[in-house]
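Chemist: Questions regarding the structure given below will be posed in turn.
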Amino acid sequence: MAEYAGVLIIFALAVLLTGGMLAIQLRLAPKRILQEKLEPFECGESPLVAPRRRYGVKFYLVAILFIVFDVEASYFYPWGVVFRELGAPALVAIGIFTVPLVVGLLYEWCKGALEW
Amino acid sequence: MDAHGFNWHVLMPVAAVAVGSLAVLVLEVLLSRRTGELTPPARAASERRLALLLAFIASFSLLIALVASYVLLLAGVDTAFDPQNAMLRIDGLSGMAIGIVSMGALLSVWLSSTYLMALHINHGEYYALLLLAVTGMFIALCAENLMLLFMGVELMSIPAYALAAFDRSKLRSNEAGLKYFLLGSFASAIFLYGIALLYGATGRLDYAGLQRTIDPSSTLAMAGLALLLVGFAFKLALVPFHQYVPDVYEGAPTPVTAFISVCVKTTAVFVLLRLLLQALPDLAGLLRPIFWLLAVASIVVGNLMAIVQRNVKRMLAYSSIAHAGYLMLALVSETPEAYGAMIFYLLAYVFMNLGAFGVVIALAARGRDCERIEDFAGIASRRPGLAAVMTLFMLALAGMPGTVGFWAKFHLFESALEADEVALVIVAILGSVVSFYYYLRVPVEMYMRDASEEEPTHASTNELAVLLACAGVVLYLGFFPNARLPGHAAGLLDVLRATVGM
């Protein structure tokens with residue numbers, strides 16, 4: 001178990017640091033409470049409205065596109081760590097993985113999905 | 001084989017359709033951008049040209065896959081992509097399966113093009129999604145690892161959900177897509193849970209490893225297997241996992257229904273067959289009663305429910321449930337002859353079913369489907385040719401001698417009899433007799449009722465070509481079921497038996 005001591009220390013430090021920062025800003029920060037500030041944050045949308053109304057589908061589109069490239073990046077990182085050991089086959093594999101995504105980007109660009 | 005020991009030619013069919021799908025997607029978006037400033041007639045003409053070009057590219061990539069699978073089959077190839085790591089393998093079974101699926105997809109593409117133009121449906125995405133689904137099917141068919149199998153099945157299913165909802169302005173199409181998506185993803189989750197339990201029990205995901213380590217006395221492994229079978233039964237549309245089928249088949253655009261009913265079912269059967277042969281041969285006695293029950297339930301429920309349908313697409317949906325039930329006979333009999341007969345049945349089903357849906361597509365008036373049984377009244381006087389081929393396909397689906405449907409059922413029932421499954425064969429034959437009633441109602445309507453007032457529509461050349469090809473195969477194999485394959489010494493039935501004779 002001794003080799004996990006570092007993880008425990010980092011965990012404790014993280015709790016201390018974040019907790020400390022929160023405690024400090026509670027004590028020191030100036031507070032001017034307004035109606036808008038008390039509302040839950042909804043990405044610029046008003047949180048309390050009647051349902052069944054039209055809303056911008058753009059948020060949804062951007063979120064989907066973000067997730068696609070987020071997942072892509074999360075595959076690139078492990079590959080980047082070990083690509084020297086894995087060599088040419090891994091390079092080909094990541095190429096096969098990337099090309100359809102680039103084609104997808106080209107497609108959404110030409111279709112105007114990136115125009116706000 | 002290159003320096004790392006990969007056999008790249010194994011990827012040929014998968015790569016052909018995957019590249020074709022990307023090419024269609026990009027070409028559509030690049031070529032359709034300039035149509036904005038054209039006058040409406042010029043714009044319609046340019047859209048038609050683009051649609052034809054995309055259909056040609058899609059069929060070209062499917063044709064490459066078809067030829068590649070046939071060449072690999074003739075050469076008797078049995079190769080894994082990575083010999084050190086069981087993942088993707090082309091052998092006789094997957095070569096045959098890829099051939100049948102790509103034929104079905106090829107015919108679906110040419111059934112789609114005019115229908116899509118009439119509905120003003122976007123073509124690029126349609127063909128790209130169809131090819132992506134076919135890519136997933138090929139991966140699932142070649143997989144010899146449960147994880148890769150799951151990837152393939154998902155890649156097949158997700159585009160199929162989108163295709164079912166492709167007629168965006170129609171409420172029923174949306175409903176079909178949503179129902180297919182919700183129930184399908186539920187089935188996928190069950191399937192994945194089954195894989196997880198099997199992995200937990202055996203520690204293996206590859207078929208060969210599973211065969212060595214699976215233990216029938218382990219509750220965990222058997223629970224996993226049961227969940228896996230539920231997933232398969234869903235994709236195969238077997239009773240009691242069939243609830244989504246009628247709604248999806250009725251609501252989806254008719255070419256999509258044709259594609260789903262033929263290609264998804266073929267893939268599911270082949271994948272299940274490979275899993276049974278390579279991973280679970282020792283559990284045959286355990287699985288037989290399950291398949292027996294599924295077969296009887298599907299044959300009875302499918303045929304009885306089809307009788308009361310007033311909508312031809314819905315009737316064909318229930319009939320496809322019944323056909324899935326007949327296919328299960330082979331899994332109960334478990335002889336190489338039965339498996340060969342099952343593959344022959346699938347081959348016949350591709351042409352019979354695509355033909356039947358093809359006539360429904362060809363009769364579709366502009367923007368309105370001809371799908372109620374009353375819509376077929378008097379078709380024979382207006383469109384005698386279409387009425388004749390529809391009668392042929394209906395008789396073939398029912399199993400009339402002289403069509404391929406008869407031989408498909410004959411060989412399947414014969415091999416089941418040889419395996420002493422007398423009760424099951426009696427149920428299946430009674431089901432076939434019942435099916436004559438609802439299949440023949442369409443010809444009765446076409447030939448013996450008066451025509452309605454509607455003006456005749458015109459089927460397009462490519463629809464007629466597909467219908468002629470299907471009718472030709474149904475008749476030719478109906479008279480020569482063991483026809484010699486081009487480039488091959490043995491007859492078709494013998495080749496099919498040999499692909500599973502392990």
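Rule-based calculations on the coordinates, nothing more; no lab input. Predicted model, so just to flag it, every value in this text is computed and none were measured. Neighbour counts run over all protein chains shown; Cβ positions are idealised from the backbone, glycine included.
Chemist: Name the long-range amide H neighbours of B:Leu88: under 5 Å, sequence gap of 5 or more, or other chain; modelled H, no Pro or chain starts.
Modeler: B:Phe81, B:Asp82, B:Glu144
Chemist: Net charge near B:Ala338: determine it from the other residues with C-beta under 13 Å of the C-beta of B:Ala338, scoring Lys and Arg +1 and Asp and Glu -1.
Modeler: Net local charge, B:Ala338 excluded: -3.
Chemist: Next question, about the same structure. If you average 1/r across every pair of different Cα atoms in the stretch B:1-142 and take the reciprocal, what Kirkwood value do you get, in Å?
Modeler: 16.1
Chemist: Taking H as built 1.01 Å from N, whose amide H comes closer than 5 Å to the amide H of B:Arg372, not counting residues under 5 places away?
Modeler: B:Val312
Chemist: Same structure, new question: What ranking of B:Glu125, A:Glu108 emerges when the number of other C-beta atoms within 10 Å of each C-beta is taken as an exposure proxy, fewest first?
Modeler: Least to most surrounded, the residues fall as A:Glu108, B:Glu125.
Chemist: Now, a different point. Over chain B, what is the relative contact order in percent, taking alpha-carbon pairs closer than 8 angstrom and at least six residues apart?
Modeler: In percent, rounded to a whole number, it is 14.
Chemist: Give me the net charge of B:Gly285's neighbourhood, meaning all other residues with Cβ under 15 Å from the Cβ of B:Gly285; Lys, Arg count +1, Asp, Glu -1.
Modeler: Residues close to B:Gly285 contribute a combined charge of -4.
Chemist: Would you work out which of B:Ala18, B:Phe150, A:Val92 lies farthest towards the positive end of the dipole of the protein assembly as shown? Charges go on Cβ: Lys and Arg +1, Asp and Glu -1.
Modeler: Projecting each Cα onto the dipole axis, the largest value belongs to B:Ala18.
Chemist: By a straight-distance test (C-alpha under 30 Å), which lysines pair with B:Lys313 as possible cross-link partners, with residues fewer than eight away in the same chain excluded?
Modeler: B:Lys170, B:Lys179, B:Lys235, B:Lys265, B:Lys409
Chemist: For chain B, list the DSSP H helices whose alpha carbon atoms reach 24 Å or more along the long axis and whose average Kyte-Doolittle value is -1.0 or above?
Modeler: B:12-31, B:40-74, B:92-119, B:123-142, B:146-164, B:171-202, B:219-236, B:284-307, B:312-333, B:336-363, B:422-448, B:461-479
Chemist: Further question: So, in Å, what gap is there between the alpha-carbon centers of the stretch B:301-332 and the stretch B:457-502?
Modeler: If you average the Cα positions of each part, the centres end up 23 Å apart.
Chemist: So what is the calculated 222 nm ellipticity per residue for chain A, using -39500 (n - 2.57) for each DSSP H run with n of 4 or more, over all residues, to the nearest 500 deg cm²/dmol?
Modeler: -23500 deg cm²/dmol
Chemist: Provide B:His458, B:His242, B:His9, B:His323 in ascending order of the number of other Cβ atoms located within 10 Å of each residue's Cβ, fewest first.
Modeler: Neighbour counts put them in this order, fewest first: B:His458, B:His9, B:His242, B:His323.
Chemist: Right, here's the next one. Please list the equivalent ellipsoid semi-axes of the stretch B:76-185, computed as the square roots of five times the alpha-carbon gyration tensor eigenvalues, in descending order and whole angstrom.
Modeler: 31, 17, 9
Chemist: Mind checking A:63-71 for the average number of partner chain beta-carbons within 10 Å of each residue's beta-carbon?
Modeler: For peptide A:63-71, the averaged partner shielding equals 0.
Chemist: Could you list which residues have their amide H under 5 Å from that of B:Val239, counting only those 5 or more apart in sequence or on another chain, with H placed in the peptide plane?
Modeler: Amide H neighbours of B:Val239: B:Ser298.
Chemist: Give me P(r) over chain B, computed from all C-alpha to C-alpha distances, binned every 20 Å, as integer percentages.
Modeler: Distribution as computed: 24, 59, 17, 1 percent.
Chemist: Right, something else. Local charge sum around B:Val500 (other residues, Cβ-Cβ under 14 Å, Lys/Arg +1, Asp/Glu -1)?
Modeler: Net local charge, B:Val500 excluded: -3.
Chemist: Continuing with this model, one more query. Could you give the distance between the Cα centres of the stretch A:29-87 and the stretch B:190-254, to the whole Å?
Modeler: The distance from the Cα centre of the stretch A:29-87 to that of the stretch B:190-254 comes to 35 Å.
Chemist: Hey, what number do you get for chain B at 222 nm if only DSSP H runs of n ≥ 4 count, each worth -39500 (n - 2.57), divided across all residues, to the nearest 500?
Modeler: That calculation yields -25000 deg cm²/dmol at 222 nm.
Chemist: Evaluate Rg over Rh across the protein assembly as shown, taking Cα atoms for both radii and Kirkwood's formula for Rh.
Modeler: Checking Rg against Rh, the ratio lands at 1.02.
Chemist: With the Cα gyration tensor of chain A in hand, give its eigenvalues times 5 under a square root as the equivalent ellipsoid semi-axes, listed largest first in whole angstrom.
Modeler: 37, 33, 10
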